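*Asks:* Dumping the structure here so I can ask a few things about it.
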Amino acid sequence: MKSMLHQMITILLLAGFLLGAEMVLAIAEDPEVSFKEAMQARESGDILGSIEILESIITHEPLLHRARLELAVAYYRAIQYEEAEREAQRVLDDPETPDAVRLSIIAFLAQIRADSARFAATRHEFHPFISVGYLHDTNVNIGPSSDVVNIGATALRVAPGSVPQSDNAVTLAAGFSHTFKTGKLVNIANKSAAFLWQSQAAMYTRQYEELANFNLDVTSLSTGPAFIVPRYWRGNVSFRLDNIELGHDRLALYTSILPSITWLLNETTDLTLSASLADRDFYQTIDKGRDNVYREIGISLGKRYMNDRVAILVGLNLFEESADNDVFSRDGTQIFAGVNWNAWENGSLYANYRQRDYKHDAPEPLFNEKRDEREERFAIGASHEFKDGLLNKWVLNGSYTNTDNVSNVDIYDFDREVVSATLSRTF
């Protein structure tokens with residue numbers, strides 16, 4: 001479909017050139033210079049700038065069909081289908097337009113109308129999702145694992161003499177995502193970006209068979225704008241609320257803003273800069289002084305190989321947690337790396353590593369020493385999407401995760417292993 005459209009546009013441009021060549025030679029030099037500027041602007045991603053220049057040319061040269069057809073193409077790329085149809089129709093209605101050109105314009109108009117109808121039908125994209133799973137956790141009482149929710153201090157509530165307790169758990173995650181395509185373009189840094197609005201509501205629960213005090217329930221709501229400049233960059237800002245319960249008692253409420261931008265360096269490489277600012281309020285008496293403001297900034301580089309069969313991601317994050325009680329305040333760094341390999345049809349293998357280093361601001365009570373820790377987390381897994389039968393479109397995922405936390409305060413040393421299997425689907 002894309003190649004046909006490209007051929008159609010090429011024919012239109014050539015036809016428009018033939019229609020307007022003599023006129024271009026007759027007009028002053030400035031319109032031709034402006035025309036070239038419009039083409040350069042459009043190819044560089046500044047579609048709105050290109051439209052502005054072409055409209056100015058047509059205002060002074062209303063019979064210059066070459067510019068009008070280019071304007072129709074620019075409107076088409078800007079998702080302004082009514083305007084694209086109007087300009088192409090005006091050239092079609094000109095009795096001087098040759099029959100061969102008219103046929104190309106008729107095909108272009110059919111494409112505009114088809115895409116307009118398709119866009120109207122998908123302007124609101126609504127995708128429910130669900131995931132069910134089962135896991136074995138060798139160290140439940142260390143608290144929620146940080147791959148689910150970053151509570152704050154590692155080893156949430158550890159007392160001297162604590163020993164690891166293992167248990168099995170059932171997990172459930174469900175929710176929906178919604179994308180609203182506004183059909184608008186906004187000019188950002190001389191690029192015309194498509195403007196979307198993305199929202200999501202989700203819940204996650206982990207219910208242990210025996211250690212119910214560590215059951216985890218998280219409810220999340222997020223919404224915010226997104227901007228996309230094809231072939232150049234994409235970015236979004238998400239405003240998010242997370243309500244967290246532990247043992248069915250309310251634990252905390254996080255209020256966050258999460259901006260992110262990704263630059264497409266080439267066809268296989270992208271660079272992402274992200275940040276997080278969160279106000280974290282804790283509710284239980286045992287967590288007095290834990291209320292904090294969390295700040296994080298990160299950078300990551302993604303690279304794809306072997307026709308996108310292999311993807312590698314590496315990154316670095318810097319974070320700071322400023323709590324009411326300095327015992328819970330800390331700062332640190334995180335490095336991470338991961339690889340995903342589409343090893344077979346509809347299936348993949350993956351592995352990732354994360355290292356977080358923490359330094360706390362105040363001495364730990366009873367130990368008179370500031371905590372200095374390193375948490376290393378390694379995970380491997382495999383996933384497969386079924387394409388037929390009863391499980392059609394469901395994804396089966398299995399993983400093993402090992403977490404090793406080393407601290408200068410002995411009670412915060414721990415190892416944790418989690419083996420899990422999940423079955424999920426997006427509708």
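The values are calculated or read from the model by the stated rules, or taken from the named source; none is laboratory data. Since the model is a prediction, treat every value here as computed from it, not as a measurement. Cβ sites come from the backbone with ideal geometry, for glycine too, and all protein chains shown count toward neighbours.
*Asks:* Part of a strand (DSSP E or B), touching a helix residue (DSSP H, G or I) at 6+ places or on another chain (Cβ under 7 Å) and either among the small types (G, A, S) or surrounded by 15 or more Cβ atoms within 10 Å (Cβ to Cβ) (or both): does that describe R416?
*Replies:* yes
*Asks:* Suppose the filter is within 25 Å of L301 (Cα to Cα), surrounded by 17 or more Cβ atoms within 10 Å (Cβ to Cβ) and more than 22 Å from the chain's Cα centre (by Cα); does T401 pass it?
*Replies:* Here the answer is yes, as T401 does meet what is asked.
*Asks:* On to the next question. Among the residues of the range 369-412, what is the count of those that are out of contact with any Ser or Thr (no Cβ under 9 Å at 6 or more places or on another chain), assigned to a strand (DSSP E or B) and within 25 Å of Q165 (Cα to Cα)?
*Replies:* Final tally of qualifying residues: 3.
*Asks:* Here is a follow-up. Being farther than 14 Å from K191 by Cβ and crowded, with 20+ Cβ neighbours inside 10 Å is the filter here, so list the residues in the range 32-60 that pass it.
*Replies:* Listed by number, the residues that qualify are F35, A38, I53, L54, I57.
*Asks:* Yes or no: A78 touching a residue at least 40 places away in the same chain (Cβ under 8 Å), more than 24 Å from G183 (Cβ to Cβ) and small (G, A, S)?
*Replies:* no
*Asks:* Can you name every residue in the range 269-284 that is within 23 Å of I244 (Cα to Cα) and out of contact with any Lys or Arg (no Cβ under 6 Å at 6 or more places or on another chain)?
*Replies:* Matches in the range 269-284: A275, S276, A278, D279, R280, D281, Q284.
*Asks:* State whether one or more residues within the range 95-104 are buried (at least 16 other Cβ atoms within 10 Å of the Cβ) and at pLDDT 90 or above.
*Replies:* Among the residues of the range 95-104, not one is buried (at least 16 other Cβ atoms within 10 Å of the Cβ) and at pLDDT 90 or above, which makes the answer no.
*Asks:* Could you tell me whether E385 is surrounded by 15 or more Cβ atoms within 10 Å (Cβ to Cβ) and without any contact (Cβ under 8 Å) to a residue 60 or more places away in the chain?
*Replies:* Numbers: surrounded by 15 or more Cβ atoms within 10 Å (Cβ to Cβ): yes; without any contact (Cβ under 8 Å) to a residue 60 or more places away in the chain: yes.
Taking the combined requirement at face value, the residue satisfies it.
*Asks:* Just to check your reading of the model, which residue among T269, T262, T223 is among the hydroxyl-bearing types (S, T, Y), assigned by TED's automatic domain parsing to the domain that holds S177, under 23 Å from F129 (Cα atoms) and at pLDDT 95 or above? Break it down into steps so the answer makes sense when it comes.
*Replies:* Details: T269 fails: under 23 Å from F129 (Cα atoms); T262 fails: under 23 Å from F129 (Cα atoms).
Answer to the check: T223.
*Asks:* Now for a different question. Does the range 285-309 hold any residues that are under 16 Å from D242 (Cα atoms) and part of a loop (DSSP other than H, G, I, E, B), and which are they?
*Replies:* D291
*Asks:* Would you call R354 closer than 24 Å to N408 by Cβ, in contact with a helix residue (DSSP H, G or I) (Cβ under 8 Å, 6 or more places away or on another chain) and of a type outside the set (G, A, S)?
*Replies:* Against the criterion (closer than 24 Å to N408 by Cβ, in contact with a helix residue (DSSP H, G or I) (Cβ under 8 Å, 6 or more places away or on another chain) and of a type outside the set (G, A, S)), R354 does not qualify.
*Asks:* So which helices (runs of 4 or more DSSP H) stay within the range 1-81 end to end and still have 2 or more residues that are at pLDDT 85 or above?
*Replies:* In the range 1-81, 29-43, 47-60, 65-77 are the helices (runs of 4 or more DSSP H) which contain 2 or more residues that are at pLDDT 85 or above.
*Asks:* A follow-up question, please. Could you tell me which of the residues R309, R377 is modelled with pLDDT of 95 or more, among the basic types (K, R) and loosely packed, with under 14 Cβ neighbours inside 10 Å?
*Replies:* Selected residue: R309, the only one of R309, R377 that is modelled with pLDDT of 95 or more, among the basic types (K, R) and loosely packed, with under 14 Cβ neighbours inside 10 Å.
*Asks:* Restricting to the range 382-409, name every residue that is closer than 19 Å to A173 by Cα and of a type in the set (D, E).
*Replies:* Of everything in the range 382-409, just one residue is closer than 19 Å to A173 by Cα and of a type in the set (D, E), namely E385.
*Asks:* Take A174 and tell me if it is buried (at least 16 other Cβ atoms within 10 Å of the Cβ) and either in a strand (DSSP E or B) or of a type in the set (G, A, S) (or both).
*Replies:* no
*Asks:* Moving on to the next point. State whether the residues of the range 181-199 include one that is modelled with pLDDT of 95 or more, in the same structural domain as F129 (by TED's automatic domain parsing) and over 21 Å from I257 (Cβ atoms).
*Replies:* no
*Asks:* Would you confirm, using the coordinates I've provided, whether D415 is over 24 Å from S162 (Cα atoms) and at pLDDT below 95?
*Replies:* no
*Asks:* Would you call L366 assigned by TED's automatic domain parsing to the domain that holds I130, among the hydrophobic types (A, V, I, L, M, F, W, C) and out of contact with any Ser or Thr (no Cβ under 8 Å at 6 or more places or on another chain)? Show your work before the answer.
*Replies:* Numbers: assigned by TED's automatic domain parsing to the domain that holds I130: yes; among the hydrophobic types (A, V, I, L, M, F, W, C): yes; out of contact with any Ser or Thr (no Cβ under 8 Å at 6 or more places or on another chain): yes.
When the stated conditions are applied, L366 passes them.
*Asks:* Does A362 satisfy the condition of being under 23 Å from G298 (Cα atoms), surrounded by 14 or more Cβ atoms within 10 Å (Cβ to Cβ) and among the small types (G, A, S)?
*Replies:* Working: under 23 Å from G298 (Cα atoms): no; surrounded by 14 or more Cβ atoms within 10 Å (Cβ to Cβ): yes; among the small types (G, A, S): yes.
In short, no.
*Asks:* So for the range 243-255 (the condition being in the same structural domain as M203 (by TED's automatic domain parsing), crowded, with 17+ Cβ neighbours inside 10 Å, polar (S, T, N, Q) and within 24 Å of R356 (Cα to Cα)), does at least one residue qualify?
*Replies:* No, the range 243-255 contains no residue that is in the same structural domain as M203 (by TED's automatic domain parsing), crowded, with 17+ Cβ neighbours inside 10 Å, polar (S, T, N, Q) and within 24 Å of R356 (Cα to Cα).
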